[in-house]
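Below is one structure, written out as structure tokens; comments come after it.
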Amino acid sequence: MNAPIPSQVAQRAWINELLHRMTVAEAREVRMQLCAELRREIAAYLEQAGGKQ
């Protein structure tokens, strides 16, 4: 198994932070905005991870 490259580690850390923010956000609008950003970040992460295999 290959170790993740630093940019992947940073992406995962950012995704985890967004997930945390989404769970503690009280306003629906904020949760929706965070959800949209998460979808973009996860898609970018998966695209990058898929290209590295």
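Each reported figure results from applying straightforward, stated rules to the coordinates on display, with no laboratory input. Being a predicted model, the structure only gives us computed values, none of them experimental. Using ideal geometry, Cβ is built from the backbone for each residue, glycine included, and neighbour counts are taken over all protein chains shown.
Laid out as a table, the results:
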item	result
Angle in degrees between helix 6-24 and the longest Cα principal axis of the chain, rounded to the nearest 10	20 degrees
Highest-first arrangement of 39-47, 11-19, 24-32, where packing means the average Cβ count within 10 Å	11-19, 39-47, 24-32
Region 6-51 shape via C-alpha gyration tensor axes, a/c threshold 1.5	oblate
Between helix 28-51 and the chain: long-axis angle, C-alpha atoms, 0 to 90°, nearest 10	10 degrees
Size of charge dipole - the chain - debye, nearest 20, with Cβ of Lys, Arg +1 and Asp, Glu -1, no other charges	100 debye
